[in-house]
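Shown next, in structure tokens, is the structure this report addresses.
The values are calculated or read from the model by the stated rules, or taken from the named source; none is laboratory data. Note that the structure is a prediction, hence the values are computed from the model and not measured. Cβ placement follows ideal geometry from the backbone for every residue including glycine, while neighbour counts extend to all protein chains displayed. What goes into the accessible areas is simple: the full protein's heavy atoms, side chains included, and nothing from ligands, DNA or RNA. Shrake-Rupley method; radii C 1.70, N 1.55, O 1.52, S 1.80 Å.
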Amino acid sequence: MEELRVSFDDLIDTLTACLIQHGFEKQRAHRCAVLFAQADRDGVHSHGVNRFLLFLDFIKKGFVVPENSTELIAQFGMMERYDGRFGPGNLNAEFAMERAIELAKTFGMSTVTLKNTNHWMRAGNFGWQAADSGCIGICFTNTIANMPAWGGSEPKLGNNPLVIAIPRSSGHVVLDMAMSQFAYGKMEIAKKKGEQLPFDGGFDNEGNLTKSPVDILASHLALPTGMWKGAGLSLMIDLLVSILSGGNSSKEVGEDGVEKGLSQVFICFDPVRLGLTDWLETKADAIIEDLKTSSVFQNQSIRYPGEQVLQTRSENLKLGIPINAELWSQLVTLSRL
């Protein structure tokens with residue numbers, strides 16, 4: 001697929017114009033566009049503009065309500081519970097993490113939950129948000145059921161992304177992972193390119209492991225990362241988000257076949273309030289330095305989670321962000337309607 005380079009600002013402006021055309025107020029359109037653009041800026045193309053047209057389609061169908069923001073429904077000191085009211089998932093998640101940061105800076109730690117929200121797109125955005133504020137951040141969400149229970153032959157579990165972020169002056173450590181071996185967005189990209197996955201990524205309809213994204217997307221039977229361990233962790237995330245938020249489980253999310261009305265949890269720890277600043281950097285640096293001393297197989301390299309993001313970000317801000325040429329043409333056309 002032909003690609004071209006687009007500046008970060010041009011990408012934001014184009015996405016903002018598209019969102020305004022679809023009912024967003026200008027400020028919310030800009031913020032939503034920034035979150036989409038940040039994914040591509042940082043090299044996470046599976047959850048950036050490659051999902052934007054689907055996002056617009058969800059708006060047209062009424063699954064995402066542009067003007068709806070979060071509503072506080074319960075407060076318990078360091079914990080708050082919100083209803084996302086089916087608003088834009090990335091804006092709801094950014095608000096929830098910001099609120100978790102604010103509460104952590106008051107109480108030392110915090111938990112904020114969301115029910116009735118939508119897909120938050122790039123999960124890592126909210127880990128970086130916490131780390132950039134100096135906080136340790138953890139967040140997780142459920143999804144529509146798109147993985148089997150281990151040994152099962154039908155989708156019962158979500159791929160339920162998990163983010164853990166540790167702030168560090170020499171480079172934040174940010175884990176952003178789904179519970180499936182490959183995120184569905186990455187499989188969609190491989191399908192469009194006509195490529196096979198590098199490793200088995202799921203099961204076909206006959207229960208055979210396969211590298212074919214076409215077969216996996218058709219069966220909704222992605223391979224849980226770590227096999228039975230990933231399946232177990234997915235179940236626990238679904239239990240946590242649905243119980244703590246009072247929202248939908250993966251089963252309930254997918255009852256009408258549409259991924260909407262998700263449940264999410266955002267947790268923050270403020271190292272300053274908790275007296276961790278004397279050793280946080282020292283401990284984190286020592287662990288990373290030890291990791292880097294590892295011997296490797298056949299010219300492999302050791303990287304900690306999030307290490308490559310800053311390098312990719314710098315390169316894309318300098319050279320422009322790689323975007324599929326056909327998709328860019330569609331976005332430009334939509335922005336000018």
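With the cut-off at 11 Å, report for the stretch 171-211 the share of all Cα pairs above it, as a whole percent. Summing the P(r) of the stretch 171-211 above 11 Å gives 70 percent of all pairs.
A cut-off of 5 Å between modelled amide H atoms, ignoring neighbours fewer than 5 places along the same chain, links G202 with T210, L223.
Gain on full extension, evaluated as 0.36 nm per residue between E25 and S153 minus their Cα-Cα distance, stands at 41.7 nm. For the stretch 135-146, backbone phi angles converted through the Karplus equation (6.51, -1.76, 1.60; θ = phi - 60°) give residue-by-residue couplings of 9, 7, x, 9, 8, 8, 9, 9, 9, 4, 5, 9 Hz, Gly and Pro being listed as x.
To the nearest 10, the accessible area of S314 is 70 Å² with a 1.4 Å probe. Rolling a 1.4 Å probe over the protein chains gives W279 an accessible area of about 130 Å². Taking L334, L235, L56 and ordering them by how much accessible surface each has at a 1.4 Å probe, largest first, produces L235, L334, L56.
Rolling a 1.4 Å probe across the protein heavy atoms gives the stretch 52-165 an accessible surface of 35 Å² per residue.
Rolling a 1.4 Å probe over the protein heavy atoms leaves R51 with an accessible area of roughly 40 Å².
When only alpha carbons are used to place a centre, the stretch 56-92 and the stretch 158-180 end up 23 Å from one another. For the pair E326 and E255, the difference between a 0.36 nm per residue extended length and the Cα-Cα distance amounts to 22.2 nm. Any idea what % of Cα-Cα pairs in the stretch 244-337 are farther than 23 Å? That tail contains 68 percent of the Cα-Cα pairs. Over the residues of the chain, the helix contribution to mean residue ellipticity at 222 nm works out to -13500 deg cm²/dmol, using -39500 (n - 2.57) for each DSSP H run of at least 4. The alpha carbon radius of gyration of the chain, expressed as a multiple of 2.2 N^0.38 Å, is 0.98. If you build a Gaussian network model of the chain, linking Cα atoms that sit under 10 Å apart, which residue out of I323, I136, I287 swings the most? Largest GNM mean-square fluctuation: I287. Taking θ as phi - 60° and the Karplus parameters 6.51, -1.76 and 1.60, the scalar couplings of the stretch 75-85 work out to 9, 9, x, 7, 10, 10, 10, 10, 9, x, 6 Hz in sequence order, x denoting glycine and proline.
For the pair L317 and L239, label points projected 7 Å from Cα toward Cβ lie 4.3 nm apart.
Backbone geometry of the stretch 257-267 corresponds, through the Karplus equation with coefficients 6.51, -1.76 and 1.60 at θ = phi - 60°, to 3J(HN,Hα) couplings of x, 10, 7, 8, x, 7, 10, 9, 9, 10, 10 Hz, x marking Gly and Pro.
Rounded to the nearest 5, the antiparallel percentage of DSSP beta bridges internal to the chain is 90%. For the stretch 221-313, the share of accessible area belonging to carbon and sulfur comes to 57 percent (1.4 Å probe, ligands and nucleic acids excluded). Between Q129, I189, G84, whose Cα lies farthest towards the positive end of the dipole of the chain when Lys and Arg beta carbons carry +1 and Asp and Glu beta carbons carry -1, centred on the Cα centre? Value: G84.
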